[in-house]
Structure formats: C-alpha cells, structure tokens
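What follows is a single structure, written as structure tokens, with notes after it.
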Amino acid sequence: MEFAIVAQTLEMLERTSSKTQQAAILADLFRKTSKDVIDKVVYIIQGTLWPDWYGYPELGIGEKGIQKAIAVATGVPEHEVEKLYKQLGDYGKVVERLKLTKKQPKSVGLLGFMKQAQRDRLVRKLTVQEVYETFTKIAMLQGEGSREAKLKLLTGLLMEADAREAKYIVRFAEGRLRLGVGDATIMDGLAMAFKASRDLIERAYNLLPDLGQVAKILAEKGVEELKKIKPRPGIPIRPMLAERASDPREILDKTGTPALAEFKYDGERAQIHKLEDKIVIFSRRLENITEQYPDVVEMVRRCVKAKEAIIEGEIVAIDPNTGEFRPFQELMHRKRKKDIYEAVKEYPVVVRLFDCLYVDGEDLTTKPLSVRREKLRSIVEETEEFKLAEGILVENPKELEDFFLKAVSSGCEGLVIKALHKDSIYQAGVRGWLWVKYKRDYKSEMSDSVDLVVVGAFYGRGRRAGTYGALLVAAYDRATGTFKTVCKVGSGFTDEDLAELPKKLEPYRIPHKHPRVDSEIEADVWFEPALVIEVIGAELTLSPIHTCCKGRIKPGVGISIRFPRFIRWRPDKRPEDATSTDELYEMYLRQLKKIGTATTSEVAEET
C-alpha cells in the first residue's frame, strides 16, 4: 500500500474538525487498506509505533536531529531550516515547503550512504510497510553510533518522500501529528468500515489495548473473532473508573444497597498479572512498572495461590517506623532512585487489593463484583503487607458517613462505593456509577479536588521572573475528545516547584495552541496536553472566558474554579483520565443544591 494514500488522509483529517467527518474519512481509508498493514496504518494515525505497554524503545530523535535530517534531505543549510522553523513553528511544514521549492541534492552528505536510484522519486513510491519498518529500525537502534545511524535512516526516508509524505513523516518523528484524532474516532472509523458494533470494538480494545491488533483481527478474521478476545495474563486491561459524588444519599441511590464501601488509598493503582512464576505490574496508564516494585513481585509470588491471575490493587507507601500510610508522592522516589533495592528499604510499601479480573482461564470481567471479590479472597493468602482493601457493606447514609470518617482518620483520601447487584460487572475502560468516589477536602468549600490537564502557561513577574507564574489547565470533554479550559493555577506551588516548571514542561512545548485544546484565552506558551495536576479551589463559578461546559448553564459562559490551588502532579494519569467536563458540570449542580439555590438558571442569571 502506498504511503501517499495515508499521507493524503492525514491531510484531510487535519483540515476537518468534525469528529463524524473524521470517522468517515478514516472508514474510507480502512476500506482501501490491505489487511497485512492495517495495524501499521492505525499505529501511524495514533502517532505511535506500538502501544506503550509493550515496553519497546521510543524513536529517540530530538529536534536538532530532525532539523539536520531535513537539511541533508533537501540540500538546504541547517541555519536556513532553523530560520524557516521559527517562521512556521512546525518542522512538518518546513520540510514540505523546502520539498516544493528546492531541488533534490546531488549528494547526500552523510557518508554518501544513499544511491542515486534510491533518491529518485521516479523509480518507485514509498509504501506503508517501508515507512513503518524504517521507523522501527530507528527506534531499535541503541548504543554507540546509534544517533548517526538514526539520522541516516530518517534522511533517506525524507529523500524518497514527496512534500506531503515528508511533512507527516517529520511530524511522526516529532511525536506531533496535529490531527486532533483520538482512539474513539479511530474506533468509530473501524466500525463504519467493517460494519461492526462500536461497542464490540471498544470492549475488544479494553481487553486488548492495542488498537492496531484489534483492527487487524477485525480485518482478517471478522467480528466473530473479535468476540473471542478475553483477558490474558501479560496483556493489560484498561482500568474501570469511578464517578464522583459528595452526598452519601445520592451515592447509595446510584449504586443501590447494600453497597461495598472500600478505603480509597492514596497510592499507585496497580494491575498485577501472574503467569506461573512470572509477575508483571502495570500502572493505571498501562505502563510496565514491575522494576519499581521488586518487593511487590515477591509478595505476589508468596501470597497469590493461583497459576494464572489478573488482580487489581493499590500500592501504598508506609512509614517504616510507624506503619502509617504515607502520601502518594513518596512512591515517586522509587522512580528517581538508581538503586531500586535501596529505595525499597527507604520507601517501603504495602498492597491493598480490590478486584480480580481473571483466574486460571476464567474471565471474571463479566461477573458481578460479589463473585469477583469472593474469588479474590479465595486465591490470596493475606498478610499485613498484602491483603484485601478494608471495606464494609453499607445500607444507609449514616453507615457510609461513619466509615468515611474512619477512612480519613486512617490516612486515606476517602472511599470508593461499589454496586453489588447482578449487573455490577467490571466495565473495563469505562467511567460509570457502578463505582463512586467519595472524597472531601475540609479546607475548601469545593467538595472535591479535580485532576486537570496543563495546556498552557503564563510568564512570571517579580519574584517569579524567569519561570512560569501560572498554568492554564483544562478538563477533558469525552464527547468531542477535546480539552476545555477551566482556570489559571498560580498558587500552591513551592519555590522548588516553580523553579522546576520550565524544565518539566519543556518536552511538551509547542509553538501554537494544540488542535485538541479549546481555549479563548491566549497563553504565553502552549503545551501538548500530556501532564495532569490535581487542583482544589474555593468553589465552582461561572466564567465568560473559559470554555468548560460553555453554554450548558447559560449562553456564553462556562465553568471555572475560584481561587484554584495546585496540590500535586498526577503522573499516574493520562490526559484522558483527567476530570471530565461532565463531572465538573455535575459538581456545579451539586454545589447549587448544597447552598440551597432553587434553580441553576436563577443563579446563572444572578451571576
């Protein structure tokens, strides 16, 4: 399959903002795509070579390397490439323009490694397979001399590409396709192309989080084969997520009674896979974090009495002297320590388990929670370090409130209340009312903290000169796959936090607003929506300048946070795991009820 077809589609997607139209464009591409490369086409659209959980290397080509490859491939001095980049702010557009205006060079410059025939576009056309395999070779090159070899491969690819192809090859290498297309839109396109159930495709993706493989199975073997996808140890399952509420009566109305109330620990969520003696631990972002927790691996070997199992729990830091729970941030030391065994001694952990998804060939994701929890209890030999999360059955709001206070006094964030009825299955990858988070910050009128995505920043003044004075943060709109601005966060940062901000955010800096960011505020600096922070504030209020829930309460106004304060970074959350616009909308309505307001419209009008 010619790569030109994919490049043409990427250009169409870039020019289209409608998710429905984007899905239709993708469906047309998938119909044209041969079965042997459809997985690679999906990966290219996702802007990746493979899912992160594979643990394979990244491309490893920096901005200067891309600049050099463009210069050599187009026969233009590097300083001219850099100058054009400063004008256009996009290396993809830079190489496209140079390809259209400059003649191909007679010699390559990098040791003459390309033959004339390879540089001649008249000889043959690039294929998807060639582009993907070249990028794979680039990623796999490691060690001494790898940088030069990577640049040779990228340069050769750019020399053979036409202007449009080169634009997207460069953007792929940068990791910034600028399409505004998420996984949901790709699944919509697959459903249209193969006349398959969208829900079935999503369920398959939740159990096999490799959209390229899901597409390949669908193209080669059809819908019936997709239905056969089951949990398998070693392949992470997209985690089930919880809604949030702050009224015990409302929570129990949603879950039904009796409900299971469990401590919500301030730790790192872990999906633990056991296959005989092999143990793999995945984070909530499906990253392989096994190496950070050799002590947890040993706990699993000793305590899980099953040959094969997939269980979920929370890894919680504890005070080695008192055994009390410590904050989530303590676990971050394990990621920074070079000697992990030294870190294990300095920052010990315990594991508190709360779900069981698979045991010895049995798929438990379709079973009610009561069955899953009983299975979990039957295969775990509990110890002080490794045991089930503390929980009780609750029938009424008072029982729930009393247990909540116990959880908070024990050093937990609050509770997760879970439905136990016959339909309480494990909804992989889904946020719903089968699980409800019950948290509270006593220092604020806002009933709960929220997780928001950093999309921009503003330069600091005075004492904050030389760093960023505030961050522009956004909520995730699931319906559109975009990020809507909520507030500017400038308080809550320590001096150390502020000093580290530019360095921490630099890898995600882009020259313009990201296509998936909806903002009416012009930030001094824009970032790719990648990093998540936890924020608390005084209250939710209406705002004419922020786009979160704009028009849902009153025409022309959105929802914002009054006096927002930074709490912590959330490296365990993806941007799509951040608080959604729907959640903020529900929080705002609950706040109105709490202060005894008659109707939303009345408050909106008054504001």
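What ranking, highest mean first, results for peptides 326-336, 260-270, 368-378 when packing means the other Cβ atoms within 10 Å averaged over each residue?
260-270, 368-378, 326-336
Does segment 241-439 come out rounded, prolate or oblate by the C-alpha gyration tensor, with a ≥ b ≥ c the root eigenvalues, rounded set by a/c under 1.5 and, if not, prolate when a/b is larger than b/c and oblate if not?
oblate
About its Cα centre, how strong a charge dipole does the chain have in debye, to the nearest 20, once Lys and Arg get +1 and Asp and Glu get -1 at the Cβ?
Roughly 1920 debye for the chain.
Counting only DSSP beta bridges with both residues in the chain, what percent are antiparallel, rounded to the nearest 5?
Just about 85 percent of them are antiparallel.
Can you tell me which lysines have their Cα less than 21 Å from the Cα of LYS398? Leave out same-chain residues fewer than eight positions away.
Of all the lysines, those that pass the test against LYS398 - Cα under 21 Å, at least 8 places apart if same chain - are LYS254, LYS264, LYS406, LYS418, LYS437, LYS439, LYS593, LYS594.
About its Cα centre, what dipole magnitude does segment 217-333 give when the only charges are +1 on Lys and Arg Cβ and -1 on Asp and Glu Cβ, stated in debye to the nearest 20?
It works out to roughly 560 debye.
For segment 127-144 and segment 354-369, compute the distance between their C-alpha centroids and round to whole Å.
The distance from the Cα centre of segment 127-144 to that of segment 354-369 comes to 38 Å.
Using only Cα atoms, locate the centre of segment 56-94 and the centre of segment 147-203, then give the distance between them in Å, rounded to an integer.
Cα centroid of segment 56-94 versus Cα centroid of segment 147-203: 19 Å apart.
Which of rounded, prolate, oblate describes segment 131-277, given a ≥ b ≥ c as roots of the alpha-carbon gyration tensor eigenvalues and a/c under 1.5 marking rounded, otherwise prolate only if a/b is larger than b/c?
prolate
Strictly over 26 Å apart at the Cα level, which of LYS19/LYS167; LYS274/LYS387; LYS307/LYS422; LYS503/LYS550; LYS230/LYS375 would you flag in this model?
LYS307/LYS422; LYS503/LYS550
Give the calculated FRET efficiency between THR20 and ARG232 to the nearest 0.05, with a Förster radius of 41 Å applied to their Cβ-Cβ distance.
According to the calculation, E is roughly 0.75.
Could you give the length gained on full extension between ARG302 and ASP199, defined as 0.36 nm per residue of separation minus the Cα-Cα distance, in nm?
That pair, ARG302 and ASP199, stretches by 33.2 nm at full extension.
Does the chain classify as rounded, prolate or oblate by the C-alpha gyration tensor (a ≥ b ≥ c root eigenvalues; a/c under 1.5 gives rounded; else a/b over b/c gives prolate, otherwise oblate)?
In terms of gyration-tensor shape, prolate.
Need the full-extension length gain, LYS406 to GLU2, defined as separation in residues times 0.36 nm minus the C-alpha distance. One decimal, nm.
Gain on extension, LYS406 to GLU2, equals 139.2 nm.
Want the number for LYS64 to GLU291: 0.36 nm per residue separation, take away the alpha-carbon distance, what's left?
Gain in length upon complete extension: 78.6 nm.
Percent antiparallel among DSSP beta bridges with both residues in segment 241-439, to the nearest 5?
Here the antiparallel bridges make up roughly 85 percent for segment 241-439.
PRE reach from ARG463 (point 7 Å along Cα→Cβ): which of segment 483-497 fall under 14 Å by backbone N?
Correct set: 491-497.
Ranked highest first by the average count of other Cβ atoms within 10 Å around their residues, in what order do 52-65, 537-550, 187-200 fall?
Peptide ranking by packing, descending: 537-550, 187-200, 52-65.
State the answer as a single residue: which of SER283, VAL489, LEU505 lies farthest towards the positive end of the charge dipole of the chain, with beta carbon charges of +1 for Lys and Arg and -1 for Asp and Glu, about the Cα centre.
So the residue we want is LEU505.
None of the figures in this text is laboratory data; all of them are computed from the coordinates on show. The structure displayed is predicted, hence computed values, not measured ones. All Cβ positions, even for glycine, are placed from backbone atoms using ideal geometry, and neighbour counts span all protein chains on display.
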